[in-house]
Structure formats: C-alpha cells, structure tokens
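Colleague: Once you've had a glance at the structure underneath, I'll fire off some questions.
The values are calculated or read from the model by the stated rules, or taken from the named source; none is laboratory data. Just so you know, these numbers come straight off a predicted model, no measurement behind them. We work out accessible area using only protein heavy atoms, side chains counted, and drop any ligands, DNA or RNA first. Shrake-Rupley method; radii C 1.70, N 1.55, O 1.52, S 1.80 Å.
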Amino acid sequence: MTAPPHRLLVITDTTSAARPLVAQVELALQGGPFALILRDKHLPWPRRLALAAELGPLLDDAGASLLVADPLGPVPMAHLSSDFPVPAPRPRVVGRSVHAGQRIDPGLDYITYSPIWPVESKPGYGPALGARGLAERARTSPVPVYALGGVTGPDRARAARVAGAAGVAVQGAVMRASDPAAVVADLRAALDSD
C-alpha cells in the first residue's frame, strides 16, 4: 500500500473554479505541491483523460501528483467514490470516499472521511462529524484518513492533524480562491506544523 505523498489533497471542480481549471491548478501549485484529485465526473471520460494529460506535466514539474476519480480506464492513481469498484489492473495508489458508518477496505491506500465540518456548498450534507468523530475514525482506520468537508482554512487543517488525520482534502477553498497559491501555502504550513 502507498498513501498519497502529500498531506493536502485538492479536489477539482470545473463548475466553481475561479478560472479555467488548468490555470487555477497552475496558480495553486505556486503555493507548493499537493495531490490533485481530478473529479469532475460530469465530464465525459475522454474529456477527463484529456484534462489529466494536460495537468500531468504541470503536476510532475511541481512535485505534485494526480489521482483520477472513478476512472473508466487504466490510470496510475485513483480516487473512488464509495461504491465504485477497484479498477483492474489495480492502480498504484487507490483511495476511496468514506462516510460515517461505512466499512473501510484494508486493501485501500487511504480514505477521505466526511463531512467533518459543515459544508457551505452542500447545505444539509451530514451531519458534520467534528474533530471528535474524525479522531475516532483515524484511531480505528486500517489505512490513513484524510479529513474532508468544511476544511475552509489553516485552523481546520491543523485541527484535523491534531485529531490524527494524515491530512485534509479540500475543494472549494482552492477551486474558488482568487489567490489559490496563498490558500495552498497556508494549508500546507498548517498541515506541516507538527
């Protein structure tokens, strides 16, 4: 098993990004490397593949990494929704979105666990589990846990690490940011402050 090499996972969202996705990611990378989950599952698979091909060199050059959500073909690293089967052949890194009460497959490399805090873009999504719920999941999980949901800034990123999370996953905080480099730099500093 191989966990993502970064404590910060950034999830794409072309519908809410402050600028075209590749430009937003390129700016975000100026704040330091992270693992990018290319989600945008509303896009046809060929379009997601084309985006992956365009983003890959930018991420590689920055020391970042790319995970493709629910891939419909072979990819080096994948992030799966809760019921998406593990692809064959198995990618080198496989993570999954997990919610309260769901079983964790010990054969995974990591999970995102949500929602930890209320999510502005998804009112009513929850209930929010809070730092205590995150700490319990991190303590009992057979694989590294990344906090997802309502991680709006460095204070919550730091709180997630204190609770035992391997890192955090964010979407809106970076995708909607006018200065994504600053957001990434602040989150990375908070996650590395232990």
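Colleague: What list of ³J(HN,Hα) couplings, whole Hz, do you get for region 32-47 from phi and the Karplus terms 6.51, -1.76, 1.60, once you set θ to phi - 60° and write x for glycine and proline?
Modeller: x, x, 7, 9, 9, 9, 7, 8, 5, 5, 6, 7, x, 3, x, 5
Colleague: Once Rh is set to the Kirkwood radius over Cα pairs, what Stokes-Einstein translational diffusion coefficient, in µm²/s, holds for region 88-180 at a temperature of 37 °C and a viscosity of 0.692 mPa s?
Modeller: On the way: Rh = 13.6 Å.
Once the numbers are plugged in, D ends up at 242 µm²/s.
Colleague: Can you give me the convex hull volume of the Cα atoms of region 58-105, divided per residue and expressed in Å³?
Modeller: Values: hull volume 4.4 nm³, N = 48.
Measuring per residue, one finds 91 Å³ for the Cα hull of region 58-105.
Colleague: Amide H of V170: which non-local residues (sequence gap of 5 or more, or other chain) have their own amide H closer than 5 Å, using H built in the peptide plane?
Modeller: Answer set, sorted by chain and number: L9, V10, I11.
Colleague: Going by accessible area, probe 1.4 Å, with all protein chains left in place, what is the ranking of R39, R156, largest first? List each step's numbers first, then the result.
Modeller: Values: R39 100, R156 75 Å².
These residues rank, largest area first, as R39, R156.
Colleague: Can you give the log10 of the normalised intensity I(q)/I(0) at q = 0.14, 0.16, 0.17 Å⁻¹, computed with Debye over equal Cα scatterers of region 10-88?
Modeller: The computed values of log10 I(q)/I(0) come out as -0.42, -0.55, -0.62.
Colleague: Assuming a ≥ b ≥ c are the square roots of the Cα gyration tensor eigenvalues, decide whether region 2-43 counts as rounded (a/c under 1.5), prolate (otherwise, with a/b larger than b/c) or oblate.
Modeller: Numbers: a/c = 3.07, a/b = 1.32, b/c = 2.33.
Oblate shape, in that a/c is at least 1.5 and b/c is the bigger or equal ratio.
Colleague: Which translational diffusion coefficient, to the nearest whole µm²/s, is obtained for the chain from the Stokes-Einstein equation, given a Kirkwood hydrodynamic radius over C-alpha pairs, 10 °C and 1.306 mPa s? Don't skip to the end; give the middle numbers.
Modeller: Values: Rh = 16.4 Å.
In µm²/s, the coefficient rounds to 97.
Colleague: How would F84, F34 rank on accessible area, largest to smallest, probe 1.4 Å?
Modeller: Details: F84 45, F34 0 Å².
So, going from the largest accessible area down, we get F84, F34.
Colleague: Can you give me the Cα centroid spacing of region 131-186 and region 1-71 in angstrom?
Modeller: 17 Å
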